[in-house]
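Asks: Quick one: the structure is below, questions incoming.
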Amino acid sequence: MYSSMETIGFSTYFNDVVNYFYEDEKLVAHLGKKLGFDVSRDMFLGVVFLYPSTEQGTFEEKEKLKEHLTGMCALPAVNRAAAANQMFYVDNGVATFLVGHTKDELSEILPAFKKEAAARLETLGVDKKVRVGIGLPEKGISGIKRTYTYAMKAVKAGEIFKKERVFLDYMGMEIYSSINAMVTSYGKQITDIVFSQLGDIEIRVLAKYYKCKEDIDMTAKVLDIPSDLVREYLANVKKSTGLDVHDTEDSFKLHLLMIAKKVLDTNKKIDKMKASNRYTCLLLDVDDTLLDFQANEKEAFAHVLKSYGYEDALSYLPVYKKINDRLWKEYEQGKIEKEEILNTRFAKTMQEFGQEIDGKEWETKYRSCLNEGTQMIEDAEEICQWLQGRYRLFIISNGVAKTQKKRLKAAGLDKYFEQIFVSEEVGAQKPSKEFFTYVEKHIPEFDKDKALIIGDSYSSDIKGGLEYGIDTCWFIKEGEKEQVQGEKSTYRISRLKQLKDILE
């Protein structure tokens, strides 16, 4: 649960985005047309499905709820409005909008919608756990905003929605709201294409230009620059993007781009505010998060094979890595014991080349060499020094306890951490619930709402955090592709030093 001060802060940022968007009726009308409804005529009915505030619902439950309820938007009377074709996340549930020409039309839609919702919720087994809030029908540009607020009030969700302020949870990708759903549906494509092509000054002039209702002289006055200079900057926009502010369709795209920028800027502010007020405990992975396991592994592997006369040692490494990764995945899923990984990975590798070896003997030699591996990920020691004293630091790792502890000590990183949790000693591995339950029980005064997991593996670190209800920071190194496209995490970084930007 967030404090009143935090709730007010989030609401301020959210309202800033909404108000910026609704300033220009022409823009809203144009976007409405693209989405298949008339904002000056149609009625908007907000529908929110929320878990009680004391039962937030797991990420998996929300996904299932969203998946099942989204199908209801295929009802014929609703389907014409693109805005009603998607559910979006709110703090402890999901929400959508229904759109109709008149109150009578909405009155006809609602019973069918409620009936379908009840059936789907019963199928999920959450009919008594989820509250359904219905917003009052409103029309016009401000109707969408008011309708959403009414729906939120209708569920009486507690402190988070206190004093009619709307707080939307940041789910690692976007702020989900009626405005953001619309920006996403049309604006994301141009954000990716155009936003990177504009300089800061062009963006500033463009934003003021739309703020001043596309009046060049007024824009010049606000910016305190000559009108000709405004025209020059707008001409630069066309040169950079191919979009002309004087063309109706192009101007609409550019204006929407400014909205998208506002949303992105707001997300960054919310990121910082959430993190700075929120976290007390940081749970960090070891391999390829703090220590460069890839480099250490390569060195140890080459040492072992060369000691047995394989001079072209690294030519065997890709096969080893494929087998090793598969075995660790099976371990994470609880299908095999750790000993099977350690005792068989070398033997299985060499079997691929038609050779029989003593896998346990090779493993012992490999482990001895790996224990000496102290190469660190860039910025690892610097970020540990910065975090120490500001946060309580803990290690969470899948692996061999003796190896992990020895490597951390040899690298000089062990001194920064209160405790080191390794799956071998815990008796369970990430991402299992048992692993994180053990960690929670063995950290005094641990509050998972104030904890953040930092790791490079989606399957063990990020998935584990999402399923256990702990915020996550996915470390995807520069130049690496995401392991799982479209997956969510609270934050994403490509350099460890970027943690400062999130936490400061």
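Asks: Looking at (1) without any contact (Cβ under 8 Å) to a residue 24 or more places away in the chain; (2) buried (at least 18 other Cβ atoms within 10 Å of the Cβ), which is the only condition ILE454 fails?
Replies: Failing condition for ILE454: (1).
Asks: Something else: Kindly provide the set of residues from region 412-423 that are in contact with a strand residue (DSSP E or B) (Cβ under 6 Å, 6 or more places away or on another chain) and crowded, with 17+ Cβ neighbours inside 10 Å, ordered by number.
Replies: Within region 412-423, TYR416, PHE417, ILE420, PHE421, VAL422 meet the criteria.
Asks: What do you reckon, is ASN343 surrounded by 13 or more Cβ atoms within 10 Å (Cβ to Cβ), farther than 28 Å from ILE493 by Cβ and within 36 Å of the chain's Cα centre (by Cα)?
Replies: no
Asks: I need the full set of residues from region 285-321 which are more than 30 Å from GLN498 (Cβ to Cβ) and touching a Leu at 6+ places or on another chain (Cβ under 7 Å), in order please.
Replies: Residues satisfying the conditions are PHE301, ALA302, ALA313, TYR316.
Asks: Could you check region 345-363 and list, in sequence order, the residues that are among the polar types (S, T, N, Q) and within 15 Å of VAL304 (Cα to Cα)?
Replies: Matches in region 345-363: THR349 only.
Asks: Of the conditions (1) more than 18 Å from TRP328 (Cβ to Cβ); (2) crowded, with 18+ Cβ neighbours inside 10 Å; (3) in contact with a Pro (Cβ under 9 Å, 6 or more places away or on another chain), SER460 fails just one. Which one is it?
Replies: Looking at each condition in turn, SER460 falls short on (1).
Asks: Oh, and also: Out of LEU282, LEU256, LEU264, LEU234, I need the residue that is more than 30 Å from LYS409 (Cβ to Cβ), at pLDDT 80 or above and either in a helix (DSSP H, G or I) or in contact with a Leu (Cβ under 7 Å, 6 or more places away or on another chain) (or both). Which one?
Replies: Just one listed residue meets the conditions, LEU234.
The values are calculated or read from the model by the stated rules, or taken from the named source; none is laboratory data. Given the structure is predicted, the values throughout are model-derived calculations rather than measurements. Every residue, glycine among them, receives a Cβ derived from its backbone with ideal geometry; neighbour counts consider all protein chains shown.
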